[in-house]
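The values are calculated or read from the model by the stated rules, or taken from the named source; none is laboratory data. This one's a predicted model, so the numbers in the text were calculated from it and none came from an experiment. So basically every Cβ, Gly included, is an ideal-geometry build from the backbone, and we count neighbours across all protein chains shown.
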Amino acid sequence: MTAEDPRRTLARHGLTPKKSFGQNFLVERAALACITEAVGAAPGRRVVEIGAGLGALTRALVEAGAEVIAIERDRDLAKVLREELGGRATIVEADAKTFDYRAAAAGAVTAVAGNLPYHLTAPLLEVLADAIDALTVVVVMVQREVADRLVARPGGREYGAASVLAQARASVQVLRRVAPGAFHPPPRVTSAIVRMTPLAVPRIGAVPWPAVRRVVRAAFQRRRKQLRNALGALASRDRLEEVLAAVGIDGVRRPETLTVEELAAIAARL
């Protein structure tokens, strides 16, 4: 697996990393291999890569035989990718937050991989949670603290909306930690590679996903409040008391104590 020093690639094209884009280029071969293997890159598989950057992961995916759709919103880097990869991947200049992952998955077994820009991690994870049922797997690099939230259990400090949205329809695993030195330039935080695999039977059952997402967002926007107050924007007090009684949940509980299944039960009634 080839992984050129990004400083050489940048110098060849007269570029430097852009702080405004959160550019920290992954160069560690072990991390690249971990993502490539975990995403199932192989002939007959399509992989949508978020934030292709200078193409280190793109090359690894292509070399494994995958059909790669590489998303890069930096016009300068998109040009670099086209020149360096020579047509071996489809380069899409787009915002990964508004990219249509379902459309990209049409007609092929499709996964998502990427080194997510830290300042865009939260919205990107929400978009991927929305599309997870159309994908085979999602493997992404995130901050270690974000990874801890994605696998957190009810009652803990890290448990929140991100935990519920990730775990509602997928199995979530932290595959490995990645030190700052694995990137150029090195970030100030430790990172982690996370794999999200769609569940054959979602933990929310048949409850519509938009309804679950609506309840989860409302609940955790006021996570320190009692549940009957946290959900106040969704229904009248009487209606909420009726719903909570019907599903057997005490309205004095805090949102952070509720399981995925309990939140789904509330969503189903509301």
Point to revise | Residue that is surrounded by the most Cβ atoms within 10 Å (Cβ to Cβ) [pool: residues in region 114-123 that are assigned to a helix (DSSP H, G or I) and within 9 Å of the chain's Cα centre (by Cα)] | key: T121
Exercise for review: Would you check which residues across region 117-162 are of a type in the set (S, T, Y) and more than 25 Å from A56 (Cα to Cα) and list them?
Suggested key: Y159
Exercise for review: Kindly list the number of the only condition in (1) in contact with a Gly (Cβ under 6 Å, 6 or more places away or on another chain); (2) touching a residue at least 40 places away in the same chain (Cβ under 8 Å) that fails for A42.
Suggested key: (2)
Check your understanding: Out of all the residues in region 91-113, which are under 25 Å from A33 (Cβ atoms) and crowded, with 17+ Cβ neighbours inside 10 Å?
Key -> I91, V92, A96, Y101, A104, A105, T110, A111, V112, A113
Check your understanding: For residues in region 42-73 being of a type in the set (D, E) and outside any strand (DSSP E or B), which is nearest to A105 (Cα to Cα)?
Key -> E72
Exercise for review: Among the numbered conditions (1) modelled with pLDDT of 90 or more; (2) under 22 Å from P187 (Cα atoms); (3) not in a loop (DSSP other than H, G, I, E, B), tell me where K79 comes up short.
Suggested key: (2)
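Could you please find all residues in region 23-46 being small (G, A, S) and either outside the structural domain of T110 (by TED's automatic domain parsing) or surrounded by 16 or more Cβ atoms within 10 Å (Cβ to Cβ) (or both)?
A31, A38, G40, A41 - these are the residues of region 23-46 that are small (G, A, S) and either outside the structural domain of T110 (by TED's automatic domain parsing) or surrounded by 16 or more Cβ atoms within 10 Å (Cβ to Cβ) (or both).
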Practice item. Take A245 and decide whether it is in contact with a helix residue (DSSP H, G or I) (Cβ under 6 Å, 6 or more places away or on another chain), loosely packed, with under 15 Cβ neighbours inside 10 Å and more than 25 Å from V138 (Cα to Cα). Key: no
Practice item. Six or more apart or on different chains, Cβ under 9 Å: which pairs go from a residue in region 230-248 that's on the phi < 0 side of the Ramachandran plot and outside the structural domain of V215 (by TED's automatic domain parsing) to one that's part of a helix (DSSP H, G or I) and of a type outside the set (D, E)? Could you list them? Key: none
Exercise for review: State all residues of region 154-165 that are surrounded by 16 or more Cβ atoms within 10 Å (Cβ to Cβ) and in contact (Cβ under 8 Å) with a residue 40 or more places away in the chain; if no residue qualifies, say none.
Suggested key: P154, Y159, G160, A161, A162, V164, L165
Check your understanding: Out of the residues in region 180-228 that are aromatic (F, W, Y) and either outside the structural domain of L57 (by TED's automatic domain parsing) or modelled with pLDDT of 95 or more (or both), which is surrounded by the most Cβ atoms within 10 Å (Cβ to Cβ)?
Key -> F220
**Study point:** Residues being in contact (Cβ under 8 Å) with a residue 60 or more places away in the chain, surrounded by 17 or more Cβ atoms within 10 Å (Cβ to Cβ) and farther than 24 Å from V189 by Cα - total across region 130-153
**Key:** 4
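Yes/no matrix, rows are residues, columns are (1) more than 25 Å from the chain's Cα centre (by Cα); (2) among the hydroxyl-bearing types (S, T, Y):
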residue	(1), (2)
R169	no, no
V174	no, no
G181	no, no
P187	no, no
T190	no, yes
A218	no, no
A235	yes, no
E256	no, no
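Here is a yes/no grid of residues against (1) at pLDDT below 95; (2) under 23 Å from A162 (Cβ atoms); (3) aromatic (F, W, Y); (4) assigned to a loop (DSSP other than H, G, I, E, B):
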{"site": "E83", "(1), (2), (3), (4)": "yes, no, no, no"}
{"site": "F99", "(1), (2), (3), (4)": "no, yes, yes, yes"}
{"site": "A103", "(1), (2), (3), (4)": "no, no, no, no"}
{"site": "G107", "(1), (2), (3), (4)": "yes, no, no, yes"}
{"site": "V112", "(1), (2), (3), (4)": "no, yes, no, no"}
{"site": "L125", "(1), (2), (3), (4)": "no, yes, no, no"}
